[in-house]
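What follows is calculated from the coordinates using simple rules that are stated; it is not laboratory data. Values in this document were obtained by computation on a predicted structure and should not be read as measured data. Because the Cβ atoms are built from the backbone with ideal geometry, glycine has one as well, and the counts that use them run over all protein chains shown.
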Amino acid sequence: MKTTPGGLESGRRWICRRLGLCVALALLVPAVARAAGTLNWDTNNNVVSADLKAENLLDLLGRVAATTQWHIYVEPETIKPISAKFRDLPPGEALRLLLGNANYALVPETNSSSKLYVFRTSRQNATQLVQPAAKSGEGKSKIIPNELIVRLKPGAKIDDLAKLLGAKVIGRMDDLNAYRLQFDDEAAAEAARAQLLINADVASVDSNYSIDRPSMAGQVLPSKAPDPQLEIDPPPDTCQVVVGFVDTDLQTIGNNLDKLVVKKYSVAGVSQEDPNVPSHATSMLETFSSSLQAATHGKTTARVLAADVYGSGTTTTSFEVANGIAQVVNGGARVVNLSLGSSDDSPFLHSVIQSAAAKNILFIGAAGNTPVTTPFYPAAYSEVNAVTAVDQGQLASYANRGSFVSLGAPGTSVVNFNNQSWSVSGTSASAAYTSGKAAAYLQDNPCSTPADTQSYLRSSFGIKITSNP
């Protein structure tokens, strides 16, 4: 998700008016870049250096958040340009110079990241959550150099093979004969790859890739929006609509929405989500629910399966994402929402999606928030319906718009959590919104095929995009 810096209330009204939006756009969107000043926040040595001139406060704090992992909240009236120049100061002194006349409070947390509040009048008014800045290369998956994903032929055993190669088996997908192997270092992994490629028991060998955790919810709204109102009806005996969310951990939401979720899977260990902020999956489920409510007049027989592929980590891997997909598909999902991704192609992940699509599973994926025209996976796979973000009748400035994109949907959503409303935005929300429309269509057309549903989505939400080269 991506924070929207302004116009949240008007954006919320626009969403309410435009539920069911049909979009056909031909846009020319130039890319604009601005050079940022120097900020070196050395967490290892606990010193900070800066050379900044008229830096936007939100941009600056976003860079701090990305480095320190703090959750930073700012009072909107505090936002102003920042200029500062210093070298090797302790963080406390650095914050005082960076924030000028603004007040701040750094609050340590026992089970989550520390919170930094920046305010002019009182800490309670620091309600705008700062989005961590994109790191260099963010959105790109990276090869994990000392790991391999190995698929064996039927009847072959992984444990003896791993022992022979000097590897640890740290992930299993026994139903697919797929395994995640970890080696001492990159050289050992590459030597093992050479042996595996000529082993008669091995079906395929692939690298494993890390994938960044999707961003948290965005800005806190000044007043609470109405909760989604969905009446959960019993599902039919046949052709039940089940939607799988492969995402972060899903928190308890309340307001009857928890009844949508029939099972949660964890494929990456115990999660430690901040209890004060909606997780990415929580925000996606509420976005899905609002879309479903609007399309079904508040009554649904649909159900949700949720697979947490991140646990407490800041990244997941292509192996865990594939495992999450397998879990929800085996649990009965007919639609799989993938509001995550990276820009490198994983043949193993693609093969899992291909196998599921061949069993009449519909995939909906986020196109990415870079914005670029290059492929963003898994949305860019031909079996996945890639959704970009459209806000107020235009392609969102942050949204990817490559030739792999086939759908455009609202990229701004309002979600309620712990008696507060949050504005979230990004192609993640666009995908969740589209999954809600797909579920509504299947509810009205119970035994329709993925091709039927895809045809409905593309006729209703299709988007044609032209971009600068």
Looking only at the stretch 358-469, where both bridge partners belong to it, what percent of the DSSP beta bridges are antiparallel (to the nearest 5)?
55
Length added when fully stretched, S459-K224, from 0.36 nm per residue minus Cα-Cα:
81.2 nm
Counting other beta carbons within 10 Å of each residue's own, what order do F86, F245, F183 fall into, fewest first?
F86, F183, F245
I144 long-range amide H proximity, modeled H, under 5 Å
N208, Y209, S210
Would you work out which of V243, P375, L457 lies farthest towards the positive end of the dipole of the chain? Charges go on Cβ: Lys and Arg +1, Asp and Glu -1.
L457
Can you tell me how the stretch 367-450 classifies by the Cα gyration tensor, rounded, prolate or oblate, using a/c under 1.5 as the rounded cut?
oblate
Would you pull out the residues with amide H under 5 Å of V246's amide H, same chain only if 5 or more places away, H placed 1.01 Å from N?
A307, N337, S339
For the stretch 38-129, with +1 on Lys and Arg beta carbons and -1 on Asp and Glu, the positive-most of V48, G62, I79 along the dipole
I79
Grab the beta carbon distance between D452 and S204, set R0 = 25 Å, and tell me the FRET efficiency rounded to 0.05.
0.15
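Past 27 Å, Cα to Cα: identify those pairs from K264/K437; K53/K142; K85/K115; K115/K168, in the order given.
K53/K142; K115/K168
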What are the extents of the Cα atoms of the stretch 142-211 along their three principal axes, listed from largest to smallest and rounded to whole Å?
30, 24, 17
When the convex hull of the Cα atoms of the stretch 285-417 is projected onto a plane and the area is averaged over all directions, what value comes out in nm²?
9.0
Ranked list, fewest to most other Cβ atoms within 10 Å of each Cβ, for W422, W70
W70, W422
So how far apart, in nm, are the two label points at S113 and N256 if each is 7 Å from Cα heading toward Cβ?
3.5
Between Q251 and residues 5 or more places away or on another chain, which pairs have amide H atoms under 5 Å apart, with H built 1.01 Å from N, and which residues are they?
S279, T282
Counting other beta carbons within 10 Å of each residue's own, what order do D391, D184 fall into, fewest first?
D184, D391
Taking the simple approach of a point 7 Å from Cα along Cα-to-Cβ for both R96 and K142, what is their distance in nm?
3.5
Packing-based ranking, highest mean first, of 334-341, 275-282 given that Cβ atoms within 10 Å are counted:
334-341, 275-282
Stretch gain in nm, segment Q195-L164, where the contour uses 0.36 nm per residue and the Cα spacing is subtracted:
10.1 nm
Placing each pseudo-label 7 Å from Cα in the direction of the beta carbon, S355 and S266 end up separated by a distance in nanometres of 2.5
Cα gyration tensor shape of the chain, rounded if a/c is under 1.5, else prolate or oblate by comparing a/b with b/c
oblate
Can you quote the Å³ per residue value for the convex hull of the Cα atoms in the stretch 190-234, rounded to an integer?
133
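What share of the DSSP beta bridges in the chain is antiparallel, in percent to the nearest 5?
The answer is about 60 percent antiparallel.
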Gain upon complete extension [T38, D345; 0.36 nm per residue less C-alpha separation]
107.2 nm
How big is the charge dipole of the chain about its Cα centre, in debye rounded to the nearest 20, if each Lys and Arg gets +1 on its Cβ and each Asp and Glu gets -1 on its Cβ?
1000
